[in-house]
Structure formats: C-alpha cells, structure tokens
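See below for the structure under consideration.
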Amino acid sequence: MSYTIVITEKGGKPRAEAFDQHELTIGRVQGNDIVLPKGNISKRHSRIVLRDGKFIIVDLKSTNGTYVNGKRISSPQVLKEADKVYIGDFTLTLEGQEGLVDGAPAAPPPSNGAPANGAKNGAPAAPVDDDEDGLWGREDDKAAVEDEPMVPPVKRALTPLPTQPRPEPPKPEPRVEARVDPKPEPRVDPKPEPRADARPERRPEPRAEKPRPAARRQDFQIELPPLVALHGRGAVFLSVTKALAGDGGLPPDDDTTLDRARSAAEKTLNALSKKFGGASTDGWPLQIAKEVCGTGPLGDLLEDPNVVEVFVNGPHQILVRRAPDSSSVGIALVPAPSFFSSDEAVALVVRRIMHAAGVKFDADHPIAEARLPDGTRINAVHHAAAVRGPLVTISRSSTRNATLDELVAETMMSKNMAEFLELCVRARRNVCVCGGPGAQIGTVMSAMASTIADDERIVVVEQVARLRLQQPHVVTLEPRPLKGGPSAATVRDLVGNALRMRPNRVIVHEVTSSEAHDLFVAMGGRQDGTLFTTYAATTRDCLDRLETLISMAGLDVQSRVVREQIASSLDVIATVTRFADGSSRVTQISEVTGVEVDLVTTQDLFTFKREGFDDGGAVMGRFQATGTPPRFYEELQRRGDSVNLAIFRD
C-alpha cells in the first residue's frame, strides 16, 4: 500500500512525499525517513507505523512533543483521515488509500477556514483549473472530486454548468449524417474484413514456439533402450533377486554375492536375448548385480565429492548437480548416464541404505529420511505412494565455511556491515539471520559464528547437520529418526536439552516450529550471544513469523506478552535476500527497539539499495548506513567497550 504525507512548514508551501514502507521515522538529522531540519525538532522525534491497515503515530520521547489536532499525545494514537499532526513548525497530513478518489489524492482542506475553491461570503466559487502542486491528473479526475457530495463549495461551482447543454443541438446533426451514410458503409466494411486475415497469421506463431519446451525436456533425457528391452531388464532383476534372497529379503553386500548375482544375470540375459529387440546388453550383468547387492547407479554418485544433489525421478531418470564448493546455488542439473532396471530396483537400493541407518522403507512405510555417516541426507518416497515411480532426493551440506571478510569480498555485505555483525557477536547480542530458501542464511550465520572465541563452549542444534565450525569446543545436536517410526527427539527437545549442557553459546539453525518458545525463554533468561536462523523475506515478516512460531508451543499466552518477550530477548535481525541472478546479499540489518501499541518496532541500521542490472544481468546496487547507531552502543560505551560510530556515516 502506498501513501502520501503532505508536509507544510509554517509560512511555507506544502510538499508531498510518497512512501510504501510499513514504518517510518521523523526527526531533525539525516537517517530519518522524513527530515525536518529545525531546532525545535528532536533527532528522532516520532514514528508512523502502518499496522493492519491503520496508521499509528508514536512520540519517541521528544523534547517539544507531538500534537494531533492540537492535543499533545502521550501514547500511540491511531490517525484518522482528517487528522493533522503538528511537529514543531511543521504540519503533517496523511493521505492513504482512503484519501484517494479515482486514483488521485483528495484535495487538502484549506487552512484558513475559507471554502476550498476560494469562494467568499458564500458566493459560488469558480472551478479549479490550476495544477501547481501536481495533485490533479486527468480532467475527469477533477470532475470526480467536484462531484463529491461531501464538498458543497464544489457543488456550487458546478451550478453554471447546466448552461453548457445549449451547444448540444448540433449533436443531432452528426446523427442525421449517420443516417445518410449507411449507403457507403457497406462499401467501406469489406476493406477492414480482409485486414482481419491477420488473425490466422498469429495462430501459427505459438504453434511454431511449442517445440522449444520440448528441446528443454530433451536436456534431461539420456538415450534409453527400447521399451521392450527395459521391461526385459526389469524381469531379469526380479529373477536374480528372488534367486539370491527369496521374497522380500535383502541380499548380502559382499564380493561373493556380487559375483553370483552377475553370473545369474548374464545367464538370464543370454537366455532372453531374442526378446530384447536387438538392444545391446553389454554391461547389464554388472549393473544388475550392483542393484541387487549394492547401491546401483547411486554408488558412484555418492563417492563423487563434487556431487551436491541427486534427484531420482523414477527408475529411468537420474539428475545430478555438481559444485566443487558444495553450494548448489546457480548450478544447473545434468542427467546421469545410468539408470535403474525398474521401480523394484530403486526400492531395493533405497531399502539397503535406509536399513543401515535404522529406518524402514517399504510399501507400509512409503516415506523415509535418513542421514548418512558423512552428513549426506537422503529422502525417499516408495512407488506405492509416488504416481510415476519411486522418488529419491539426496543432498549434501550447502553451508560454506566462509568468513565475514570473504563475504565482503564477494559483495554479499559491506565492510561496515561485517564490522557491526562481528561486534554483535563479541558483545554477546542475540542475533537472528532470516531469508528465503537458497539465500545462504546458514553461510552468513556460520561466518558470524566463526568469530566466537576458541575457549567458549558452543552447542549447535540443527534440523540437518550442516554447520562445520572450526572452534575446538563445538557439539552438534540433530533429530534422528526411530526405526520405522517418528523422530526420537524433536528440535524443541534438543533446544531444551542444549540449555542444560552448560553452553557459552547456543546456535540454532532453521527455527521452524515451537522450539522458538524455548529459545526465546532462554535468551530472556540471560543466555546471551545466541545466534539462530529462520525463513522470512523481510524484517517485519521475521517478527510476525517468530510470533507465530512461539504461539505454536500451545501455551495460553496473550499476544502482547509474546511481543514483549521478542522485543526484550532479540537485539538484531539481519535479512539476506537472494536475487534473480542467483546472488545473495544482506539487504537489511535492523535493531529491535521495543513494543509500541501491538507492534514490535525496529530501526534500520544498514540497507542495500538496488539500482538495476548490468549488461550481464547481474544485480547492481550499493550498501548504505542509515546514520543511526543502535541503542545498545550507549551500554557498550558505559562499560568501556570500544565502538566505531563512523561505520554508520556513509
């Protein structure tokens, strides 16, 4: 929602400024959204907040106060459409969606009590024709406002308009001419009809473009043998499996069994060679044997250190993403040159992997997830629940061990941002890093955690173990599944247990549920220096999401109490945004300042201003400080810590 604030200085002309943000500050110094450079204005005088469609004005303990309609406010107050806000020598009026008429702002009321159109002594006012302030758009916009029943002076201005219908008699003349023209009209009509032939010319154009998606589909395909050969290979696999392990068994994984399976597959293929339609079966015996006794096509992929993601979409399509730095951002998928024999072959391979992790996987347990000893995560869906065959998703850690200086070199943040975040860790501030999927929030938090001193005990709780901190005293907790059942311990259980492990620091990667309640209770109980991440696109979304997650704990707590808990426990929020070109940047660093009305308030310390794209399609922009240092800097200065205020003056 965009809205406009009209600012009028005493004895000056009004000016209008448009905004689309949910909150803005008003004050004397640079860094405020509205700067009023007068001596009777405080540095941070007041704040306007948009909440649930309502505008709320809050006085920030200014010296001369904030007035609404002539009365000084002592608490947050909801602004109505006609309210006037007085700050020093300035008058502010708010024009939101309610103040718009047909897309144009409603005319501001006159300040001297005179009629809006300049009428004097009750005389009809002349129509408004000037547009000096740029408030009017089209002529019909003026008429729309002039027709408003709420503005009597404008109605009086329209009273002379009935004299205008007198020139309307000439209008019947073109109507008479139109009655005379029907004779030539049929002669003119055939001419545009052939022009309509352009329609069939447009129809073949989209048909010509349809083959383009087909080319993309071919990029994910490999050359497969005929369908009859694929069915035959599936039958051979079932025959070998039954011969070695019986129904439902799991053949041993050793060299002797592998040789037996290879020999059996070779004999069966030779016996059925006439049914393969002339397809080459070279290499099939060993491939089938590896599916029966090992991990099949997944074996080589799991051994490749450059493979970060594997997607099995049915038995005949395996897609791979390779990246040397274990980050999958911006890396394309490529098809693997191998395939499985059948749905049963995929299920057997996955069942072997899950069995080693203590997890069941079959038609009765169609969804399974496990972590391999090297940290690789595997998720599988049985073909009993998947329409187009079994699905397997394998992912490795995508969190890089980068430092803050490396992120500055990669233009993911500015040097001033990095210095401030490092100070937050050193000063034991509680920091939340938020962003969308793929925004590398784990990388930013890992870079911040790398600045923690080596002599501190760090307890890490993760949904999936990805962080690899280099400090000597780091322990990691991760929820592990029970055999054939739900998780043995939830993330909330692990967060609660981490607090009993006497940590100096608690780090929680991906707060997604009720564990937020236990985490904020710990931070409010002086578990300082906590770092955690969650998924949210902006600072405001992050606060709303945290409020929702805390309420998921099932406790009967009022919303205001939850907001006060968030405001008293959380110090800083760093927002990471992933752009269309695949790059990620820290776009906002904000300080949590308190609670006003029913809103957790913040003030921006650093932002990223996007300025367009370069010739290669990369996002261009610049990092900038807002000019306002955080409030906790005063506390740091009082206790003798060194702070650099220059980083907030770009």
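The values are calculated or read from the model by the stated rules, or taken from the named source; none is laboratory data. This one's a predicted model, so the numbers in the text were calculated from it and none came from an experiment. Every residue, glycine as well, gets a Cβ built from its backbone with ideal geometry; the counts of neighbours run over all protein chains shown. Note: areas computed on protein heavy atoms with side chains; ligands, DNA, RNA excluded. Shrake-Rupley method; radii C 1.70, N 1.55, O 1.52, S 1.80 Å.
Remark: pairs (first residue in the range 586-613, closer than 18 Å to L407 by Cβ; second residue part of a strand (DSSP E or B) and among the basic types (K, R); Cβ separation under 8 Å; 6+ apart in sequence or on different chains) = F608/R585; F608/R622.
Examine the range 561-578 for a residue that is closer than 30 Å to Y633 by Cβ, open to solvent by 30 Å² or more (accessible area, probe 1.4 Å) and within 21 Å of the chain's Cα centre (by Cα), and state whether such a residue exists. Yes - at least one qualifying residue is present in the range 561-578. Listed by first and then second residue, the pairs with beta-carbon distance under 6 Å, at least 6 apart or on different chains, first residue in the range 247-272 and polar (S, T, N, Q), second open to solvent by 30 Å² or more (accessible area, probe 1.4 Å), are T268/S239. Filtering the range 43-68 to residues that are among the hydroxyl-bearing types (S, T, Y) and modelled with pLDDT under 90 leaves S62, T63.
Among the conditions (1) under 25 Å from D33 (Cβ atoms); (2) in contact with a helix residue (DSSP H, G or I) (Cβ under 7 Å, 6 or more places away or on another chain); (3) of a type in the set (S, T, N, Q), S569 misses just one, which is (1).
Sub-7 Å Cβ pairs linking a first residue in the range 511-527 that is modelled with pLDDT under 90 to a second residue that is open to solvent by less than 30 Å² (accessible area, probe 1.4 Å), at least 6 apart or interchain, are G524/S569; Q527/V506, ordered by first then second residue. Only one of the listed residues (A427, A418, A402) is under 29 Å from D300 (Cα atoms) and small (G, A, S). That residue is A402. When we screen R426, R466, R492 for residues that are at pLDDT below 95 and more than 22 Å from C542 (Cβ to Cβ), the only hit is R426. As a summary of the residue check, T403 satisfies the conditions (1) of a type in the set (S, T, Y); (2) in contact with a strand residue (DSSP E or B) (Cβ under 6 Å, 6 or more places away or on another chain); (3) open to solvent by 40 Å² or more (accessible area, probe 1.4 Å) except for the one numbered (2). One residue stands out among those in the range 610-620 that are open to solvent by 40 Å² or more (accessible area, probe 1.4 Å) and of a type outside the set (G, A, S): the one that is farthest from V431 (Cα to Cα), which is D615. Residues of the range 332-358 that are crowded, with 22+ Cβ neighbours inside 10 Å, of a type outside the set (G, A, S) and assigned to a loop (DSSP other than H, G, I, E, B): F339, F340. Going by the structure shown, is K71 at pLDDT below 85, among the basic types (K, R) and open to solvent by 70 Å² or more (accessible area, probe 1.4 Å)? Answer is no for this residue.
Looking across the range 369-388 at every residue that is modelled with pLDDT of 90 or more and either in a loop (DSSP other than H, G, I, E, B) or not β-branched (V, I, T) (or both), the one that is nearest to A323 (Cα to Cα) is identified as N379. On the given criteria, is V461 open to solvent by less than 50 Å² (accessible area, probe 1.4 Å), more than 22 Å from T587 (Cα to Cα), outside any loop (DSSP other than H, G, I, E, B) and not hydroxyl-bearing (S, T, Y)? Here the answer is yes, as V461 does meet what is asked. For the range 589-609, does any single residue satisfy the condition of being open to solvent by less than 10 Å² (accessible area, probe 1.4 Å), within 20 Å of E23 (Cα to Cα) and of a type in the set (G, A, S)? Within the range 589-609, one or more residues are open to solvent by less than 10 Å² (accessible area, probe 1.4 Å), within 20 Å of E23 (Cα to Cα) and of a type in the set (G, A, S).
Yes or no, residue by residue, for (1) open to solvent by 10 Å² or more (accessible area, probe 1.4 Å); (2) assigned to a helix (DSSP H, G or I):
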position	(1), (2)
V408	yes, yes
N416	yes, yes
F420	no, yes
C424	no, yes
T443	no, yes
S446	no, yes
I452	no, no
P479	yes, no
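Scanning the range 269-293 for residues that are out of contact with any Gly (no Cβ under 8 Å at 6 or more places or on another chain), within 26 Å of H355 (Cβ to Cβ) and surrounded by 19 or more Cβ atoms within 10 Å (Cβ to Cβ) returns W284, P285, I288, A289, E291, V292, C293. Between residues in the range 530-547 that are open to solvent by less than 40 Å² (accessible area, probe 1.4 Å) and aliphatic (A, V, I, L, M) and residues that are at pLDDT 95 or above and part of a strand (DSSP E or B), which pairs lie under 6 Å by C-beta distance while being six or more apart or on different chains? Partner pairs satisfying both residue conditions: L531/V431; L531/I507; A536/C434.
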